[in-house]
1. Setting aside same-chain residues fewer than 8 positions from Lys7, which lysines have a Cα under 27 Å from its Cα?
2. R0 = 35 Å: FRET efficiency of Lys13 with His49, Cβ-based, nearest 0.05?
3. Determine the dipole magnitude for the chain: charges of +1 sit on the beta-carbon of Lys and Arg, -1 on that of Asp and Glu, nothing else is charged, the reference point is the Cα centre, and the result goes in debye to the nearest 20.
4. In nm, what is the difference between 0.36 nm times the number of residues separating Ser71 and Lys88 and their Cα-Cα distance?
5. Going through segment 12-76, which trypsin sites (Lys or Arg not before Pro) have at most 16 other Cβ atoms within 10 Å and a DSSP loop state?
6. Semi-axes, largest first, in whole Å: what does sqrt of 5 times each Cα gyration tensor eigenvalue give for segment 4-84?
Amino acid sequence: MLTKERKHDIVGKFGATPRDTGDTAVQIALLTERINSLSDHFQKAPKDHGSRRGLLLMVGQRRRLLAHLRSSEPKRYVDILKELKLRK
């Protein structure tokens, strides 16, 4: 689960300002955190198909945001992939 403190830390780390939640990199980082927490949830509840659908929607949203970042800021795209340990 994404706590308020954890979200604040992520926004501070990836955003230009501590309140910059709309930045593409911040959105990617927040989605990655939620995806990772849901992946752990599925180890305990493999039949939770409603949450699995939500997970797939989040993965698709993150993929679209990464594609946008790759076309607009290629250097930052590479940095985000390394920092979040994502494969591409």
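1. Of all the lysines, those that pass the test against Lys7 - Cα under 27 Å, at least 8 places apart if same chain - are Lys44, Lys75, Lys82, Lys85, Lys88.
2. Approximately 0.60, to the nearest 0.05.
3. 340 debye
4. Gain in length upon complete extension: 4.7 nm.
5. Here the trypsin sites (Lys or Arg not before Pro) that fit, given the DSSP loop and packing criteria, are Arg19, Lys47.
6. 24, 15, 10
Here, each number is a calculation from the coordinates, and none is a lab measurement. Here the structure is a predicted model, which is why all the values come from computation and not from measurement. Don't worry about glycine lacking a Cβ; one is built from the backbone with ideal geometry, like all the others, and counts go over all protein chains shown.
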